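Notes follow once the structure below has been shown.
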Amino acid sequence: MIEWVSWPLGKNIDKWIIALLKSLAAVKKFSILIEVTLSKIEKVFSKLLYPILREGALAILRYMLLSFQHSHEAFHLLLPHIPRMVSSLIREDSNSAASCLEQLAELIHCMFFRFSGFPDLYEPVVEAIKALPIPNEDRIKHLLGQNAWTSQKNELASFYPRLASKSETGKIGLINLGNTCYMNSILQALFMASDFRRSVLSLAENNSQPLMAKLQWLFAFLEHSQRPAISPENFLLASWPPWFARGAQQDCSEYLKYLLDRSERDVVGVKSDEDSVLSSWKQGCGTGASRSVPDLINYFLSPETLTAENRYHCENCASLQDAEKLAELTEGPHYLILTLLRFSFDLRAMRRKKILDNVSVPLVLKLPVLTSTRELRDPSPVRGAGPSASCEGFASVVYDLCSVVVHSGVSSESGHYYCYARECEDAPVGSDLKNVSWKAPSEKPLDVAIQWYLFNDTRVSFSSFESVSNVTSFFPKDTAYLLFYRQRMTKPRNVGQETAAEAGWVNGDLSSPNKDLMEAIAKDNILYLQHAAMAWFPRTQGNVVFPGRLNPLKETQKLHIPGFLVLLST
């Protein structure tokens, strides 16, 4: 019936086709709708080139896109064709073409809103439609709300897109279990923190740390599974903050804080200094101006004068006195996690709103740390103005950017999270440390050529630091939210003393201390490859199944995990 769209003299064909599709949705024949949409949507889109077919084709395309909301598959089929179509319609320069362009742009922005987190795929389309009107958020929500096949998301759970093979990056995605992108982005950022990952993977067998045992299983599958994506359901159940509502979007920073607190209780050696700086960092530095991460750090570390109602109560004087308050860092953590507080409460609207200011994220960051020695590694001042601006007594600790978690959307209660990440290493495993000349770290990037990856739930793709830097320029609602930095090594390790993080590794590969874990991965890989060879996956189970419940391991194992320091800013 879709072929009838090509009949130039046909009347009301678009209405017949849409009525048929709506009837199929009413009786929940979703498998037929999916097959028809995916096989015919490109053909329908191509008919927009012909003025005599344009109105009917656009109506069918509109219904197909706005109703196909369980997956990005249909929209992504059109991405390669959109820039050429837009160029052709602009060249036509007719009223019909102009109307088609406006409606097409509206559809595209609806799809951007519904399926965010694909900046590498969307950039050419954004460039093609940048001169066209942008619908407001209420209009987008209205269109999406009235056209979905069903309001019950679980009815389409078995029809989520099937991943044919593992990503060409070699990395593995995580299944979104219902608005769990906040957790997936955090887990991928932590997994790409190589020292932390190795510490978790080298946990001994039979330990009694339930949360860390489940994280070890998850990391091991991310490292060794042949599946394109796995389910983090078992870890979600173990790490779920009790106040989080199931199925609702959550704040990834809040989840990370809870996860680190839980890890600190479970594992000896985790260092979390976030509580000491949280209350002081919430003030931020206003809105409106373009700024950078070093600007925010300088603002946080600059002195604050306490006067009038904010005067300090002096215990010696037993009275309120004017005072000066400042924060100083006495130690540089191995991993530094910065949270840009982008959500403020709007008293007029009585809701939280998002601060969309673009913050420049440097690849290399210097953190001023208080030191008792006069031999500073870097004499250049990094502090704010005032008496404390002198570099005397401070050393600049150099950090390299490892991961960036991005929030896409305009509200803390909605939107989507995805993660850019790369491996950060001081030196290749097994390299000859004797011939290395150790000195103060340079301010230059560790290696700008180190490959970046984009983790968006089940999809993993190659990316670059350029994409990280420009994402907000192309997509104003996509803003950096969490930044993971790793301290650059300033002195050689003691080769004769292996750390716990290295103890489970041989020639760069995991020498698993957990036989049950490695056997489970091997069995699951065989099962998956057998299914892949038969080109058959049970539709009711989806394309990826994480094997079994994770049984807590029994024996306590002390684990050294590199320290974390979390700073909060706006």
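The values are calculated or read from the model by the stated rules, or taken from the named source; none is laboratory data. This is a predicted model, so every value here is computed, not measured. Because the Cβ atoms are built from the backbone with ideal geometry, glycine has one as well, and the counts that use them run over all protein chains shown. Just so you know, the surface numbers come from the protein's heavy atoms only, side chains and all, with ligands and any DNA or RNA stripped out. Shrake-Rupley method; radii C 1.70, N 1.55, O 1.52, S 1.80 Å.
Scanning region 94-123 for residues that are closer than 18 Å to S408 by Cβ and either surrounded by fewer than 16 Cβ atoms within 10 Å (Cβ to Cβ) or not β-branched (V, I, T) (or both) yields a total of 15.
Considering (1) open to solvent by 40 Å² or more (accessible area, probe 1.4 Å); (2) touching a helix residue (DSSP H, G or I) at 6+ places or on another chain (Cβ under 8 Å); (3) not in a helix (DSSP H, G or I), the lone condition that I32 does not fulfil carries the number (3). The single condition among (1) surrounded by 15 or more Cβ atoms within 10 Å (Cβ to Cβ); (2) part of a helix (DSSP H, G or I) that R91 does not satisfy is (1).
You will find that of R377, R422, R352, R383, the residue that is open to solvent by less than 30 Å² (accessible area, probe 1.4 Å), in contact with a strand residue (DSSP E or B) (Cβ under 7 Å, 6 or more places away or on another chain) and at pLDDT below 85 is R383 and no other. Tell me whether region 158-179 contains one or more residues that are in contact with a helix residue (DSSP H, G or I) (Cβ under 6 Å, 6 or more places away or on another chain), closer than 24 Å to Y63 by Cβ and modelled with pLDDT under 95. Yes, that holds for at least one residue. Residues that are in a helix (DSSP H, G or I) and either open to solvent by 100 Å² or more (accessible area, probe 1.4 Å) or not hydrophobic (A, V, I, L, M, F, W, C) (or both) within region 129-151 comprise E137, D138, R139, K141, H142, G145, Q146, N147, listed in sequence order. If the condition is being buried (at least 21 other Cβ atoms within 10 Å of the Cβ) and out of contact with any Ser or Thr (no Cβ under 9 Å at 6 or more places or on another chain), then region 46-57 contributes only G56. The residue that is nearest to V397 (Cα to Cα), among those in region 334-350 that are charged (D, E, K, R) and free of Cβ contacts under 8 Å to residues at least 60 places away in the same chain, is D346. Within region 399-419, if we keep just the residues that are of a type outside the set (S, T, N, Q), assigned to a loop (DSSP other than H, G, I, E, B) and open to solvent by 20 Å² or more (accessible area, probe 1.4 Å), the residue that is nearest to Y453 (Cα to Cα) turns out to be G415.
Among residues of region 513-525 that are touching a residue at least 60 places away in the same chain (Cβ under 8 Å), those with a beta-carbon under 6 Å from a residue that is open to solvent by 50 Å² or more (accessible area, probe 1.4 Å) and among the charged types (D, E, K, R) at least six positions away or on a different chain give the pairs P513/E205; N514/E205. Go through (1) over 24 Å from P135 (Cα atoms); (2) surrounded by 15 or more Cβ atoms within 10 Å (Cβ to Cβ) one by one and return the number of the condition K43 breaks. Among (1) over 24 Å from P135 (Cα atoms); (2) surrounded by 15 or more Cβ atoms within 10 Å (Cβ to Cβ), the lone unmet condition for K43 is (2).
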